[in-house]
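Peer 1: I have a structure I would like to understand better, so I am pasting it below and will then ask my questions one at a time.
Every number here is computed from the coordinates shown, using simple stated rules; none is lab data. Worth saying up front: this structure is predicted, and the values here are computed from it rather than measured. Backbone-built Cβ (ideal geometry, glycine too); neighbour counts: all protein chains shown.
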Ligand SMILES: Cc1cc2nc3c(=O)[nH]c(=O)nc-3n(C[C@H](O)[C@H](O)[C@H](O)COP(=O)(O)O)c2cc1C
C-alpha cells in the first residue's frame, strides 16, 4: 500500500487516479466505510452501470467552441452544474474535512451541501467558505426542538437553503462495516451537536433500528416555520416526488444514497426521467448516486436534472489531497464536461435535452471501479 501520496498534489491526470490515490491512503475500515454499500451492493453496482445504458447522440459541425457550464440552483449561481454531497465523518478522509471541500467549491464557483453529522460545525464551514456553504443538510430525527435548532443555525449562518435527508430513518444494512465492527468516532460526526451524548443519541437512533419515522405532515409543519427553501433528498419514486412537493419542497434530490441505504432498488439515473415527468419543469431536480465523471454529469442533465451532486468523488479528492484534491476533481470534471458537450455538439449544460441520449442494451458490466473495494 502506497501511503506516500503528496497531500498538496494537484497533478492527477484523471478522476480514476484521484480515486486510486484516495483508496491507497485510507486504512481498510475507512476505505470500506467510503466505498461500501448496503446489503449485497446490488444498488451500488446498478448506480454505475445505469450510466453506460445511455449512449450519446452526437451532432457534428454545429457546436459552439466553448460550451457553457454555468447554471443556477435554488437561486444560487454555479459555474459548474455540480454540488458536493453532504458526507458526514469528513475528518476521516482529511483533517480539514468539509472546510477544505467548501474552500475548493468557493474557488471553483460551485457550492457544498454541508452535512449535519460532520466533523466541523456549520458555522465554521460558512466562515471558511462564505458563498460556497450554500445548503445545509438536516436529519428529520430526534426531537422537534433539536431539528428546529439546527434549522435556525443554518438560517443565522447565511445558508441559502436546506437539504432534508428523507431516506435515513435508520441506517442501511452495511455489511462491510458490520464485518469490520466499524463506527466512526463521535468527534468525526459530532461537530454540530452540543454534546457527546447528543451526538451518540443521534447515531443511536440510526443504529438501534427503532426510531420513529417522521411523516411528511410533521416535516411540513416544522419546515413551514423557516423561510429557507428546501430540497427533499432521497426521492426515488414519482409518488414521493409529488408528496415532497405537496409538503413544500422547492427541489428534489433524486438519490438512493449512493447505494448505502436500501439495497436492491433501482439506480437513481433510471428513475430520474419518471420523476421529471411527474413534477414537470417547475421543480428543480438534483441527482446523485454513482456520478464518477463528466460524461455522467452530462447524461443526468440531459435526462432532466438541473445539477448533479457528488459524494464519493468529492471524498476521493479530499482523501487524496485535501482542498487541492477536491479542486482537482472539480477541474477535471469541468474539462470532461466541456469536452463532452463540444463533441456532442451542444452549446451548454442548459441546452441539454433528452434527445442527446438514446437507450442501448449492454451486457453485464462492472465499470469505473477497477481496483479494490469490489464495487
Ligand atoms: C462517507 C459518506 C458519508 C455520507 N454521509 C451522509 C450524511 O451524513 N448525510 C446524508 O444525507 N448523506 C450522506 N451520504 C450520502 C451522500 O450525501 C450521497 O447521497 C451519496 O454519496 C451519493 O452517491 P455517490 O457517493 O455515488 O456520489 C454519505 C455518503 C458517503 C460516501
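Peer 1: Relative contact order of segment 61-121, please, whole-number percent, based on alpha carbon pairs below 8 angstrom and at least 6 residues apart.
Peer 2: So the answer I get is 35 percent.
Peer 1: Run the simple label-point estimate for residue 123 and residue 342 please: 7 Å along Cα→C-beta, distance reported in nm.
Peer 2: 4.7 nm
Peer 1: Please work out the C-alpha center-to-center distance from segment 239-270 to segment 60-127 and express it in whole Å.
Peer 2: What the calculation gives is 20 Å, centre to centre.
Peer 1: Which order do peptides 198-206, 176-184, 129-137 fall in by mean Cβ count within 10 Å, highest first?
Peer 2: Packing order, densest peptide first, comes out as 129-137, 198-206, 176-184.
Peer 1: Please give the Cα centre distance for segment 152-229 versus segment 41-55, rounded to the nearest Å.
Peer 2: Taking the Cα centre of each part, segment 152-229 and segment 41-55 sit 27 Å apart.
Peer 1: From the square roots a ≥ b ≥ c of the eigenvalues of the alpha-carbon gyration tensor of the chain, which class results: rounded (a/c under 1.5), prolate (a/b over b/c), or oblate?
Peer 2: rounded
Peer 1: For every helix of n ≥ 4 consecutive DSSP H residues, a contribution of -39,500 (n - 2.57) applies; sum these over the chain, divide by its total residues, and give [θ] at 222 nm rounded to the nearest 500 deg cm²/dmol.
Peer 2: That comes out to -12500 deg cm²/dmol.
Peer 1: What is segment 71-145 by shape, rounded, prolate or oblate, if you read a ≥ b ≥ c off the alpha carbon gyration tensor as root eigenvalues and call it rounded for a/c under 1.5, prolate for a/b larger than b/c, and oblate otherwise?
Peer 2: Since a/c reaches 1.5 but b/c is at least a/b, the shape of segment 71-145 is classed as oblate.
Peer 1: How high is the FRET efficiency from residue 227 to residue 149, r the C-beta distance, R0 25 Å, rounded to 0.05?
Peer 2: 0.95
Peer 1: Classify segment 283-343 as rounded, prolate or oblate, taking a ≥ b ≥ c as the square roots of the eigenvalues of its Cα gyration tensor: rounded when a/c is under 1.5, otherwise prolate if a/b is larger than b/c and oblate if not.
Peer 2: Taking the square roots of the gyration eigenvalues as a ≥ b ≥ c, segment 283-343 is oblate.
Peer 1: Listed highest first by mean packing, meaning other Cβ atoms within 10 Å per residue, what order do 144-155, 90-101 come in?
Peer 2: 90-101, 144-155
Peer 1: From Cα pairs below 8 angstrom and at least 6 apart in sequence, can you work out the relative contact order of segment 15-359, rounded to a whole percent?
Peer 2: About 29 percent, as a whole number.
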